[in-house]
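A.B. asks: The following block contains the structure, expressed as structure tokens.
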Amino acid sequence: MTLAEDNGPERGGDDIVAAEYVLGVLPADERRQASVRIDGEPGFARLVDEWEVRFAPLGAAYPEVEAPASVKQAIDARLFSTTARSASGQPAGLWSSLAFWRGLATAAVAALAIYVAVPMLNPPVDVPQERMVASLAADGSDVKYMVMYDAATGEVGLSHVAGERGSGKDFELWMIEGSNPPVSMGVIPVGATMKMPVKEDMRDKLAAGAVLAVSLEPTGGSPTGQPTGPVVAAGDLREI
Amino acid sequence: MTPQDITKLIVRTSMKDRGAFDLLYRQTSSKLFGVCLRVLNDRAEAEEALQEVFVKIWTKADRFAASDLSPISWLVAIARNHAIDRIRARRQAPLAIDEALEIADPAPGPEAAAVAGDEAGRIHGCLEELEKDRAAAVRGAYLKGESYAELAERHGVPLNTMRTWLRRSLLKLRECLER
């Protein structure tokens, strides 16, 4: 017996499966199948979201219960600890190993420093020599960039480490400073290493240490001025 | 915190802003812990689930943009679905009779009805139109993540009967909500 047959022809069985998934009544195997479909089928995901919206008011009945402080500590240890392990207790893979990234960062920063510095061997004396670097990556994404900001030239140098944007898509670079909404720094040109000029009014904010993020956008960049696609890589800009 | 504030925190979390993530945790973890506790009915397991829920929120915050849910409902949905995944993965433990009686009536509290505005209140109104035991089955399933098997046992009907009941109730609910 499949759900579609059982439900008859009137509206298709998918909508009822979506409702059963949201309600939570499905047995483990059918729940897993539904969850795979949510990830792979936008039409089905939409039906699930519609049922989530319909039932959401019932969620008001859940009481608030303070969780012990140990929970947040455990979350931070899992997400941000320098000896990060994956949830299964296995050592994290090379790509998510912080030590690996630090090593790569050092190498990439050295390469990038030469790339950025060579054209200006005789900089004016009164220009600040501050350089900052960020390693951009995100869980669930293979996109990696190294970014170096040179306050002397007002440019960011980017080194594309891994990850493809796909046809009809562009990577867009964003700066997030404090609690302000992300500000676009422009679409990242295709290439292994590239430089992007930074607008005057953004330079101080970068120098103060901002978060940089890369989102996947339609060709030419976000049409709205805010990120519209998934964030595929992000990281803090730090002094070196 | 207004829904707009929570939305901002979720968007900033998607940009890997740890300060925003910390604040989002402070503002919403009690609600999400309440969800995990209600579904899992076990404190240690609920604490573990809450950890996993916030790890998911950190890694999947960018998906919020694709949902029509309000920010807090979106977070509750992540916690609910995760907690339900966990109990489904548990080995089926038979429900003790007294426990089943104790949790038999999850009617919405007055504060739920007060929070529910016109649009939000409709689900409550439409549940009223169902037969009493079926409305209770739908509420129980939603709030506690009960499976068809558990509902069938509690209502003393065969599993397939329970499934047919509930599907008919869902179709009626949809019809009522679309009116």
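A.B. asks: Using the basic label-point model (7 angstrom from Cα toward the beta carbon), what is the residue B:133 to residue B:149 distance in nanometres?
C.D. replies: 2.2 nm
A.B. asks: What is the gain in length, in nm to one decimal, between residue A:169 and residue A:226 on full extension, counting 0.36 nm per residue of separation less the C-alpha to C-alpha distance?
C.D. replies: Computed gain between residue A:169 and residue A:226 is 19.0 nm.
A.B. asks: Would you mind checking segment B:140-165 for residues with the amide N under 19 Å from a putative spin-label position 7 Å along Cα→C-beta of residue A:28?
C.D. replies: Within reach of a label on residue A:28: B:145-153.
A.B. asks: Charges only on Cβ, +1 for Lys and Arg, -1 for Asp and Glu: so what's the dipole of segment B:3-89 about the Cα centre, in debye to the nearest 20?
C.D. replies: 120 debye
A.B. asks: Can you compute 3J(HN,Hα) from phi for each residue in segment A:195-205, using the Karplus curve 6.51 cos²θ - 1.76 cosθ + 1.60 with θ = phi - 60°, rounded to whole Hz and x for Gly and Pro?
C.D. replies: Values, residue by residue: 10, 10, x, 10, 4, 3, 6, 9, 5, 5, 5 Hz.
A.B. asks: Taking amide H positions as placed 1.01 Å from N in the peptide plane, with prolines and chain starts having none, which residues 5 or more places from residue B:130, or on another chain, fall under 5 Å of its amide H?
C.D. replies: Result for residue B:130 returns nothing.
A.B. asks: Right, here's the next one. Note down the nm distance, to one decimal, between modelled labels 7 Å out along Cα→Cβ at residue A:130 and at residue A:35.
C.D. replies: Those two pseudo-labels are separated by 4.6 nm.
A.B. asks: Can I ask one more? Calculate, for residue A:180 and residue A:76, the FRET efficiency according to 1/(1 + (r/R0)^6) with r their C-beta to C-beta distance and R0 22 Å; round to the nearest 0.05.
C.D. replies: So, using R0 = 22 Å, E works out to roughly 0.35.
A.B. asks: Let me ask another. Could you give me the ³J(HN,Hα) list for segment A:142-158, computed from phi with Karplus coefficients 6.51, -1.76, 1.60 and θ = phi - 60°, whole Hz, x at Gly and Pro?
C.D. replies: These are the phi-based 3J(HN,Hα) values: 9, 7, 9, 10, 9, 10, 10, 9, 10, 5, 5, 9, x, 10, 9, x, 10 Hz.
A.B. asks: Separate question: Order the peptides B:147-157, B:75-85 from the highest to the lowest mean number of other Cβ atoms within 10 Å of their residues.
C.D. replies: My ranking of the peptides, most packed first, is B:75-85, B:147-157.
A.B. asks: Checking the cross-link filter: which lysines have an alpha carbon closer than 25 Å to that of residue A:195, excluding same-chain neighbours under 8 positions apart?
C.D. replies: The reachable lysines, counting only those whose Cα sits under 25 Å from residue A:195, are A:144, A:169, A:205, B:16.
A.B. asks: How far apart, in nm, are the 7 Å Cα→Cβ label points at residue A:69 and residue A:152?
C.D. replies: 4.6 nm
A.B. asks: Around residue A:222, which amide H atoms from residues at least 5 apart in sequence, or from another chain, sit under 5 Å from its own amide H, with H modelled in the peptide plane?
C.D. replies: Sorted by chain and number, the residues that satisfy this come to none at all.
A.B. asks: What list of ³J(HN,Hα) couplings, whole Hz, do you get for segment B:49-54 from phi and the Karplus terms 6.51, -1.76, 1.60, once you set θ to phi - 60° and write x for glycine and proline?
C.D. replies: 4, 4, 4, 5, 4, 6
A.B. asks: Can you give the three extents of the C-alpha atoms in segment B:25-94 along their principal axes, from longest to shortest, in whole Å?
C.D. replies: 40, 23, 18
A.B. asks: Rank A:22, A:190 by accessible area, highest first, at a 1.4 Å probe radius?
C.D. replies: My answer, sorted largest first, is A:190, A:22.
A.B. asks: How long is the gain from residue B:27 to residue B:164 if the chain were fully straight, where each residue apart is worth 0.36 nm and the alpha carbon distance is subtracted?
C.D. replies: 45.3 nm
A.B. asks: Roughly speaking, what is the stretch gain from residue A:46 to residue A:207, that is 0.36 nm per residue apart minus the C-alpha to C-alpha distance, in nm to one decimal?
C.D. replies: Here the segment from residue A:46 to residue A:207 would lengthen by 53.8 nm.
The values are calculated or read from the model by the stated rules, or taken from the named source; none is laboratory data. For clarity, every value in this text was computed on a predicted model and none was experimentally measured. Every residue, glycine as well, gets a Cβ built from its backbone with ideal geometry; the counts of neighbours run over all protein chains shown. Please note that ligands, DNA and RNA were not included when accessible areas were found on the heavy atoms of the full protein model with its side chains. Shrake-Rupley method; radii C 1.70, N 1.55, O 1.52, S 1.80 Å.
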